[in-house]
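The structure appears below as structure tokens.
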Amino acid sequence: MLIKHTNHLVIEIMIALILGCNFDKNNKMISNKNFAVSTTDIHPHHATITSLSKELTFDGDLEFHNLHYAAKDFGNRYTHLPAAILYPKSVSDISSLINHIFQMGPTSGLTVAPRGHGHSLVGQAQAHQGVIINMESLGKSQQMHFHIDYNKDTKSSFVDVSAGALWIDILHEGLKKHGFAPKSWTDYLHLTVGGTLSNAGISGQAFRHGPQINNVRQLEVVTGTGEIVTCTKEMNSDLFYGVLGGLGQFGIITRAHILLEPAPTMVKWIRVLYLDFTTFTQDQEQLISSGSFDYVEGFVLINRTGLLNNWRSSFKNKDPVQADRFVSEGKTMFCLEIAKYFKHEDADTIDQKVEKLLSKLNYNESTLFISKVSYVEFLDRVHVSELKLQEKGLWDVPHPWLNILVPKSKIHKFASEVFGKILTDTSNGPILIYPVDKSRWNTKTSMVTPNEDVFYLVAFLSSAMPSSRGTDGLDYILSQNKRILEVCETANLETKQYLPHYTTQEEWKKHFGSKWEDFVRRKLTYDPLAILTPGQRIFQKSTSLA
């Protein structure tokens, strides 16, 4: 056991959590069906939070001013002001803070949330009147250490990196010094290592390498008692698998060993269109089965005119005349986006290889668009769009995103109910859709997926215009999301949410399914006072006991 001792208060809290109890405004224990944190009910004494700076010594800084940035996130829908922000320079800073709060017991009401690059969607990295740990501060104070095996067997190659480091920095550093890079990516690289490992880290390489949580060799974790634990698949394995996809509930990841592989230098980046959903999904599934390409994604296009002209600024069309004649006739279109990686020495043969691979697909031949870019340009492609949106003032708007994992056997029913019915255009943001192979996923982690070998990620990446009451407004998009989830429920599509957000304990129990009991057990073992990451709204720290 990692927890050396407990007292009667801790035991009562454990029982309360197991039984699904909560605490009312008078601090009385009550039966709980709704496990959402009501942040307005948490009012720790001012003296309690300020005592941290008097009783503890940090290598970094504990700040009580300029807190507003930590009360916002990419979702831009929730704003919960913390009482302080810790800018750690060492892991001991984080350990000391959490241990001190743990020793205070449940009556302090203090909670702690790690904040990476702030890309949570519904306040998951916020802690109302608690302490935010700025993980990027830790990343800047700790160096990356690359351990490269240049033999044929590169399975032991990894980078030892702070959880506060950004994936884009690992990419640049690994390529520049060693020609190696991580195997699995997210579509957006300006995220922290700890942030994505606490969820899963999914992108178009997941069919081949699994998500990012499948490509971790070792972790350093600070638990909810303040204990610093090194864990692997063999050592402290329960905590290792628990924190991977664990939504920050069992510990704060502070360092990670990320597996590496020799990196390509160039990418053939390809987009083709389909008018038939069945043909589109058959080709996608064939591609992830054969492994002929290195990246497989796709997106849905509804009522999008002039699209091909937009692509021509970055992609070349094989037959521009035929492309000009292509008309979607108002139908929903499906774009297959694939990539083939290669090195400079293979530049003379890559075109023939790609042409041969494309000949096995059934896309509309007049819609073949190809671009050749560097490996870095391809992986960092979303950042280019970010910069453009920032220039227009359209980046810091509400992002009511919805990410759903749909079983392969249900994807056609899902598409027929959602595309063109609930959603009649895609002007508010892209809709990603692509399959992944579950055999590449380690089922021991906290991450939950549908119960089929192949399932699809469908991501509705909407942006809402502030103050709008139209179809581009927040309320309208949220109502669409609700209707989509209702279809999943009423049609029994057996979906799971990725980056989930629920407000009741019953919803969380249903989400985790057979993993719920282990999830609760791990919470009681590693964070018995429910100090960590309250913004996920799974467990609530009490301010007192009945």
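Can you tell me the mean projection area, over all orientations, of the convex hull of the chain's alpha carbons? Units nm², please. Present the calculation step by step, with values, prior to reporting the outcome.
Working: hull surface 100.8 nm².
Average of the hull's projected areas for the chain equals 25.2 nm².
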>> Counting only other residues whose beta carbon sits under 12 Å from that of residue 255, what net charge do I get with K and R as +1, D and E as -1?
In response: -1
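Would you mind working out the magnitude of the charge dipole of region 266-498 relative to its Cα centre, with +1 at each Lys and Arg C-beta and -1 at each Asp and Glu C-beta, to the nearest 20 Debye?
Around 80 debye, computed over region 266-498.
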>> Let me test this: with uniform point scatterers at the alpha carbons of region 139-262, what is the Debye-based log₁₀ I(q)/I(0) at q = 0.12, 0.19, 0.20 1/Å?
In response: -0.40, -1.02, -1.13
> Roughly what angle does helix 474-490 make with the longest principal axis of the chain, taking Cα atoms, 0 to 90 degrees, to the nearest 10?
Replying inline: 90 degrees
> Quick one: 476, 150, 188, fewest Cβ neighbours within 10 Å first, how do they rank?
Replying inline: 150, 476, 188
> With a sphere of radius 9 Å drawn around the Cβ of residue 133, what net charge do the other residues whose Cβ falls strictly inside it have (Lys, Arg +1; Asp, Glu -1)?
Replying inline: 0
>> Rounding to the nearest 10 and keeping the result within 0 to 90°, find how far the Cα-based axis of helix 46-55 lies from the longest principal axis of the chain.
In response: 90 degrees
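Can you give the net charge of the other residues whose Cβ lies under 13 Å from the Cβ of residue 245, counting K and R as +1 and D and E as -1?
Working: positive: 444, 496, 515, 522; negative: 518.
For residues surrounding residue 245, the net value is +3.
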> Given C-alpha coordinates of region 266-498, what is the ratio Rg to Rh with the Kirkwood estimate of Rh?
Replying inline: 0.96
> What relative contact order, as a whole-number percentage, does the chain give when Cα pairs under 8 Å and 6 or more residues apart are counted?
Replying inline: 20 percent
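Helix-only estimate, please: 222 nm mean residue ellipticity of the chain, summing -39500 (n - 2.57) across DSSP H runs of length 4 or more and dividing by its residues, to the nearest 500. Spell out each step's value before the answer.
Numbers: 18 runs with 166 residues, N = 546.
Computed ellipticity for the chain at 222 nm equals -8500 deg cm²/dmol.
Rule-based calculations on the coordinates, nothing more; no lab input. Worth saying up front: this structure is predicted, and the values here are computed from it rather than measured. Using ideal geometry, Cβ is built from the backbone for each residue, glycine included, and neighbour counts are taken over all protein chains shown.
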